[in-house]
Amino acid sequence: MSIVVLSGGVGGARFLRGLVDVVAAEDITIVGNVGDDVEVLGLHVSPDLDSILYALAGVADEERGWGRADETWHALEAAARLGGEAWFRLGDRDLGLHLVRTQALRSGEHLSTVTHRLAQRLRIRAGLLPATDDRLRTWIETPAGSFPFQEWFVARGHRDEVDGVRFEGATEAEPAPGVLDAIESAELILIAPSNPYVSVWPTLAVREIRDALELRGCPAVAVSPLVGGRAVKGPADRMLARLGGGTTAAHVADCYLGLIDALVIDERDAADADAVASLGIRPVVAQTLMTDAEARARLAQATLQGALALR
Ligand code: FO1
């Protein structure tokens with residue numbers, strides 16, 4: 001079965017690790033968020049693509065959720081001592097990837113081409129495509145001003161309340177080669193348990209991707225990032241409260257109206273099932289906390305079962 005997964009953030013990468021345990025990786029095409037890409041120390045960093053690459057290659061730092069396991073920080077410390085920027089922590093092993101990617105981009109290669117090459121080098125069998133090869137950047141509007149995503153998320157510790165999100169470059173951005181074909185020929189579309197506003201909406205802001213999802217010819221299932229009305233990690237719950245008006249599973253469903261047929265929600269949010277159903281979206285209740293490999297695979301399986309029930 002050909003499956004397209006929209007993924008961003010740490011939750012997305014964890015979910016994908018579970019998914020490749022229950023379906024053939026070759027059947028999966030991942031469309032990764034690029035809205036939080038950033039230039040640090042002259043290097044192009046694509047945090048969400050990298051979280052996916054590292055997770056699927058089995059080299060991710062599981063505890064931190066981003067970057068590589070067994071990391072050291074000598075280059076960053078040396079740069080900081082010389083007055084270089086160190087607010088965004090790039091580890092020594094991680095830097096290797098950013099060097100290769102940045103050199104490729106500077107020599108004129110597209111992000112999708114270099115991403116494909118990196119995935120091959122890491123022996124990843126799933127397809128990984130950036131949503132777009134064009135420049136697309138998430139900006140966060142807060143009472144303290146407007147900030148590029150990583151400045152708000154990392155440098156300011158995502159403490160500022162969010163009044164809005166906008167996606168610079170989205171109007172002109174075209175889907176990366178292969179994205180529309182993958183969506184149009186998919187037998188199942190999944191949206192990983194990621195923050196809707198900053199991990200999934202940047203991809204949906206690419207008009208042709210959104211249109212293709214609206215016109216889909218197969219079931220689409222999202223997984224809620226909430227457990228008991230709270231985000232497992234990060235600011236998704238605070239953003240849902242302020243931008244969406246609440247932190248129930250129905251508020252998550254509301255972020256994807258017209259784009260999904262079912263929403264997987266946690267057992268602790270089972271009381272929200274009727275409100276989700278009243279939006280015309282089928283609720284699928286499961287254990288969504290991805291504490292270990294078994295839990296990840298169980299969630300992937302429950303999501304596939306929820307999708308099969310839609311047929
Ligand atoms: N997150 C942090 O909270 N602090 C960091 O210094 C940091 C560095 C970093 C370096 C490479 C990378 O791929 C990710 C990194 N992240 C860091 C995570 C990243 O900011 C977020 O997880 C994603 O952008 C949100 O999806």
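Screening ALA75 with (1) in a helix (DSSP H, G or I); (2) within 9 Å of the ligand (Cβ to nearest atom) gives one miss only, at (2).
Could you tell me which residue of region 280-306 is surrounded by the fewest Cβ atoms within 10 Å (Cβ to Cβ), considering only residues that are within 17 Å of TYR256 (Cα to Cα) and without any contact (Cβ under 8 Å) to a residue 60 or more places away in the chain? Within region 280-306, the match that is surrounded by the fewest Cβ atoms within 10 Å (Cβ to Cβ) is GLY280. If you scan region 132-162, which residues turn out to be among the charged types (D, E, K, R), more than 13 Å from the ligand (Cβ to nearest atom) and part of a strand (DSSP E or B)? Hit for region 132-162 is GLU141, nothing else. Per the listing ARG89, ARG93, ARG101, ARG64, the residue uniquely within 14 Å of the ligand (Cβ to nearest atom) and touching a Phe, Trp or Tyr at 6+ places or on another chain (Cβ under 8 Å) is ARG89.
Kindly indicate whether any position in region 233-246 is more than 27 Å from ALA55 (Cα to Cα) and outside any helix (DSSP H, G or I).
yes
Look at region 263-274: where a residue is more than 15 Å from VAL221 (Cα to Cα), no partner that is crowded, with 24+ Cβ neighbours inside 10 Å and of a type in the set (Phe, Trp, Tyr) sits 6+ places away or on another chain with Cβ atoms under 6 Å.
Conditions first: (1) assigned to a loop (DSSP other than H, G, I, E, B); (2) surrounded by fewer than 24 Cβ atoms within 10 Å (Cβ to Cβ). LEU213 passes all but one, so which condition is the exception? Failed condition: (1). The condition (being among the aliphatic types (A, V, I, L, M), within 14 Å of the ligand (Cβ to nearest atom) and under 20 Å from the mean Cα position of the chain (by Cα)) is satisfied by just one residue among VAL165, VAL179: VAL165. The listed residues are GLY108, GLY84, GLY9, GLY42, and the only one of them that is away from the ligand (no atom under 12 Å from the Cβ), on the phi > 0 side of the Ramachandran plot and touching a helix residue (DSSP H, G or I) at 6+ places or on another chain (Cβ under 9 Å) turns out to be GLY42.
The condition of being in a helix (DSSP H, G or I), small (Gly, Ala, Ser), within 16 Å of the ligand (Cβ to nearest atom) and closer than 30 Å to ALA86 by Cβ does not hold for SER194.
Listed conditions (1) under 17 Å from SER46 (Cβ atoms); (2) of a type in the set (A, V, I, L, M); (3) in contact with a helix residue (DSSP H, G or I) (Cβ under 6 Å, 6 or more places away or on another chain) are all met by LEU204, apart from (1).
The criterion of at least 1 residues that are buried (at least 23 other Cβ atoms within 10 Å of the Cβ) is met, among strands (runs of 3 or more DSSP E) falling completely within region 1-50, by 3-7, 28-32.
Coordinate-derived values only; no laboratory data. These numbers were taken from a predicted model, which means no experiment stands behind them. No Cβ is skipped: glycine too gets one built from the backbone with ideal geometry, and neighbour counts run over all protein chains shown.
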